[in-house]
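Take a look at the structure set out below.
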């Protein structure tokens, strides 16, 4: 199999037991000639439990369909950032790995009273954060999700957790081998989260330059979800207080996202219920509106997600035999990311 990558010289590989191996002998079948290969697309902020923003319980059968559709679209890794129930965890347990993308997932989202949609997720007092994170890490698959800030009626956005509580959350998650992701669309929490060591900033409209330097120094993740932010602005109304706040934050992101990439931050593409994980290429292309060039956009939806989570992205011997093939080099035409020619998962061509 010829694997011609946008990032380097082509390599030739064979497949055995779902892994890449050195080829030997005569090839019975050859694929990849004339095509361009990547290890797959990455949706770094998915919610497989549902199709649209609501507070309903997930439907397992529908989640399974979304996962399979994502794989067919070339998505080989999903970071599911939690829901109000365990739908995605059950999906991981019940669908064979070769029939879906690889999935890391938070279980139930953690918040505080009045700190998110009513009755949704795991509602805790800040003093309970250690036990809540320990439980969430044990129930999840590599992630814990916190709601960092949320608007209160008549007051506006408020922080849900203190700096000390965020530090405890990170320490507890890391002890359990999990990472922490935090939802933040307001001013106060992003800097507190970065200082506490939070691994992935979701949305993050009000990060500061010092924050991206600190986040980049440790190879942290930032998932801007720009289409979700724009949809929320439209929902709130551009002249509402919330709309004006997000418009300001979006302007800040246009300045900071390119700086973050230069600083070593893993800026990633995430759908966040704008479409489904199968639509992550659309979010990736839209990252160009934040000032990213083609190599940075391609990295945001491919290699950065793999490297940030400790995965191989170079078709190395012994790595999972995942590959997505395109008719043109994505660096020359990013739109081809929407139209894979072939998808291989663990050595099986779909």
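Just give me the residues in segment 154-186 being surrounded by fewer than 18 Cβ atoms within 10 Å (Cβ to Cβ) and part of a loop (DSSP other than H, G, I, E, B), in sequence order.
Matches in segment 154-186: 154, 155, 162, 176, 177.
Working carefully through the options 222, 150, find the one that is surrounded by 23 or more Cβ atoms within 10 Å (Cβ to Cβ) and at pLDDT 95 or above. Outline the logic, then answer.
On the way: 150 fails: surrounded by 23 or more Cβ atoms within 10 Å (Cβ to Cβ).
Result of the check over 222, 150: 222.
Being within 30 Å of residue 83 (Cβ to Cβ) and either out of contact with any strand residue (DSSP E or B) (no Cβ under 6 Å at 6 or more places or on another chain) or surrounded by 23 or more Cβ atoms within 10 Å (Cβ to Cβ) (or both) narrows it down to one of 337, 331, so name that one. Outline the logic, then answer.
Numbers: 331 fails: within 30 Å of residue 83 (Cβ to Cβ).
None of the others qualify; the one that does is 337.
Which members of segment 312-347 meet the condition of being outside any helix (DSSP H, G or I) and touching a helix residue (DSSP H, G or I) at 6+ places or on another chain (Cβ under 6 Å)?
At the first step, the residues of segment 312-347 found to be outside any helix (DSSP H, G or I) are 312-333, 339-347.
313, 326, 328, 330, 331, 345, 346 - these are the residues of segment 312-347 that are outside any helix (DSSP H, G or I) and touching a helix residue (DSSP H, G or I) at 6+ places or on another chain (Cβ under 6 Å).
State the number of residues belonging to segment 57-83 that are more than 18 Å from the chain's Cα centre (by Cα) and within 23 Å of residue 111 (Cβ to Cβ).
3
Of the residues 250, 215, which single one is more than 19 Å from residue 305 (Cα to Cα), in contact (Cβ under 8 Å) with a residue 40 or more places away in the chain and assigned by TED's automatic domain parsing to the domain that holds residue 290? Break it down stepwise before answering.
Values: 215 fails: more than 19 Å from residue 305 (Cα to Cα).
So the residue among 250, 215 that is more than 19 Å from residue 305 (Cα to Cα), in contact (Cβ under 8 Å) with a residue 40 or more places away in the chain and assigned by TED's automatic domain parsing to the domain that holds residue 290 is 250.
Does residue 93 satisfy the criteria of being assigned to a strand (DSSP E or B), modelled with pLDDT of 95 or more and surrounded by fewer than 24 Cβ atoms within 10 Å (Cβ to Cβ)? Walk me through how you get there before you give the answer.
Working: assigned to a strand (DSSP E or B): no; modelled with pLDDT of 95 or more: yes; surrounded by fewer than 24 Cβ atoms within 10 Å (Cβ to Cβ): yes.
In short, no.
The values are calculated or read from the model by the stated rules, or taken from the named source; none is laboratory data. For clarity, every value in this text was computed on a predicted model and none was experimentally measured. Reconstructed Cβ throughout: ideal geometry from the backbone, glycine too, with neighbour counts over all protein chains shown.
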